[in-house]
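Take a look at the structure set out below.
The values are calculated or read from the model by the stated rules, or taken from the named source; none is laboratory data. Given the structure is predicted, the values throughout are model-derived calculations rather than measurements. Cβ placement follows ideal geometry from the backbone for every residue including glycine, while neighbour counts extend to all protein chains displayed. Surface areas here come from the heavy atoms of the whole protein model, side chains and all, with no ligands, DNA or RNA. Shrake-Rupley method; radii C 1.70, N 1.55, O 1.52, S 1.80 Å.
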Amino acid sequence: MDKLILQHSPPLRGTVAASGAKNAALPIMAACLLTEEPVVLEGVPRVTDVLTMADILRRLGIRVDHEDERLRIDPNHYTGSTAPYELVSLMRASICVLGPLLARHHRARVSMPGGCILGPRPIDLHLKGLAALGAAIAVEHGDLVATTSGLRGTVIHLAGAFGSSVLATANVMMAATLAQGTTRIEHAACEPEVVDLANFLIAMGATVSGQGTPVIQIDGVPELHGAHYRVIPDRIEVGTLLMATATLGGEVTVTGARGDHVGAVVETLREANVQIEAGEGFLRVRSDRRLNAVEVTTLPFPGFPTDLQAQMMAMMSLSRGVSLMMEKIYPERFMHVPELRRMGAQITHEGGSAIVKGVEQLSGAPVTASDLRASAALVIAGLAAENTTELRGVEHLDRGYERLEEKLAHLGASIRREHDA
Ligand code: EPU
């Protein structure tokens, strides 16, 4: 197991490039199951969740080669329809092979994803949508077994108790591309990753419109072809780099960043007294560390993303005054709070809300990351804190951030990895 050694760091300075978006790449990789022709994907980050999805595709007999940020997927050798527990249990996003397998092979067996550190994460909307398209779905020995004699387009309302669902929209949209007739997804997720998937499906010959709005329409086609496609930049990585610079101070340019994907984040940072310049293909952030307290509510896109809530709370811990965080997507996603408190943060948390009273200084401590975004929050806090912080649970960081410590070190942060015997 690795650990990160973080030391109080100077203001960050320099330029870094955004990596491709993990959460766009995962469903796009699953969508390759919809064709038998080769696909080349550019800008795919080398993170463990991507490696897990590649293993799932290989388990289905598909050839996957990853060179740098290019992924070649050749689905021609498809041999099976089962995504097994040992892989699905590593990553809930594995569920998005269900729709494509069903659409192209009329049968899928996918281990049912279990609970998750972010709280209950039901899959009812995925199942509702696929059943509406004509799938029969049963649970057998812990696996979801879905079969169909042929999917048919229909109108599907995909609203859940917490709003729209990103991966349920993705699953249904993928399945609908090969269904007979027209599908209309109402209350579809509007996240940029859904738009990216729709654009990839269009590049494969699908007929999709309305992506980026709550109503997506798909006119089924008999087959899809191969494609060459570049995945969007990772808006959560970009947001993390902006917040790290805001918290530590300095001036950093993130190239490849898309301002239209981080509008709510930029607006919040500006309220907090952080200067952000948005240019063609870059974002530049400047901070003198005199941060104002802010009130933030996480919401589906274009709202403030839940995947930046933890990092924002690290920043709030060092802002002047009392900040408020309301988590509307995963009300239980506060596992980073006890760890930030160990570093001297003053946070009280009840239900889906947290009150953060800014302090002058955090103090370094041994801390453990519970999940991907919590680990990024603890990296920011550890670099800002006095003395040394040892962060365990780095495998969570590796699931979704490509070379984050290398990028931060390049900007002047004092961060290094050690193998924890
Ligand atoms: N929900 C349901 N029923 C469902 C599906 C979801 O009630 O069938 C609920 C969830 O419990 C949650 C809300 O709907 O309260 C939104 O969840 P969503 O389905 O949108 O989440 P997801 O698609 O499973 C993706 C990202 C997450 C990100 C969320 C929200 C991927 C691989 N994962 O998950 O990313 O937090 O959307 O934006 O795209 C991360 O990268 O750290 C991460 C957790």
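By its C-alpha gyration tensor, with a ≥ b ≥ c as the square roots of the eigenvalues, how is segment 22-230 shaped: rounded for a/c under 1.5, else prolate for a/b larger than b/c, else oblate?
Details: a/c = 1.26, a/b = 1.10, b/c = 1.14.
Here segment 22-230 falls in the rounded category.
Considering helices alone, the calculated mean residue ellipticity of the chain at 222 nm is -9000 deg cm²/dmol, with DSSP H runs of length four and up weighted by -39500 (n - 2.57) and normalised per residue.
For segment 351-395, just say rounded, prolate or oblate: build the C-alpha gyration tensor, square-root its eigenvalues into a ≥ b ≥ c, call rounded for a/c under 1.5, and beyond that prolate if a/b exceeds b/c, oblate if not.
On the way: a/c = 2.41, a/b = 1.05, b/c = 2.30.
Cα axes put segment 351-395 in the oblate bin.
Since only G220, A159, A246 are under comparison, the one whose Cα sits farthest along the positive direction of the charge dipole of the chain, derived from C-beta charges on Lys, Arg, Asp and Glu, is A159.
Could you give the angle, 0 to 90 degrees to the nearest 10, between helix 166-177's Cα long axis and the longest principal axis of the Cα atoms of the chain? Value to nearest ten degrees: 20.
Quick check: at a probe of 1.4 Å, how many percent of the accessible area of the chain sits on carbon and sulfur atoms?
Summing carbon and sulfur atoms, their accessible area is 49 percent of the total for the chain.
Ordered by solvent-accessible area of protein heavy atoms (1.4 Å probe), largest first, the residues S414, S19 come out as S414, S19. When the Cα gyration tensor is reduced to axis lengths a ≥ b ≥ c, the ratio a/c is 1.5 or higher for segment 29-117, and with a/b not above b/c it is classed as oblate. Which angle between 0 and 90 degrees, to the nearest 10, do you get for helix 372-384 versus the longest principal axis of the chain when only C-alpha atoms count? Rounded to the nearest ten degrees, it is 20. Annotation for segment 270-327: GluC sites (Glu not before Pro) lying in DSSP loop with at most 16 further Cβ atoms inside 10 Å of their Cβ are E280. The lysines whose alpha-carbon is closer than 27 Å to the alpha-carbon of K22, local same-chain residues fewer than 8 away aside, are K3, K128, K328, K407. Amide H contacts of A83 (H built 1.01 Å from N, in plane; Pro and chain starts excluded): R109, V110, S111 sit under 5 Å, all sequence-distant by 5 or more or on other chains.
With contacts taken as Cα pairs under 8 Å and at least 6 residues apart, segment 171-212 reaches a relative contact order of 42 percent. Rolling a 1.4 angstrom probe over the protein heavy atoms with all chains in place gives the chain an accessible area of 38 Å² per residue.
Rounded to the nearest 10 degrees, the inclination of helix 48-59 to the longest alpha-carbon principal axis of the chain is 20 degrees. Using heavy atoms of the protein chains and a probe of 1.4 Å, the accessible area assigned to V322 is about 90 Å². Between L90, L151, L383, the residue with the greatest mean-square fluctuation in the GNM of the chain (Cα pairs under 10 Å linked by springs) is L90.
Of the residues S81, H105, S287, the one whose Cα sits farthest towards the positive end of the charge dipole of the chain is S287 (charges of +1 on Lys and Arg Cβ, -1 on Asp and Glu Cβ, taken about the Cα centre).
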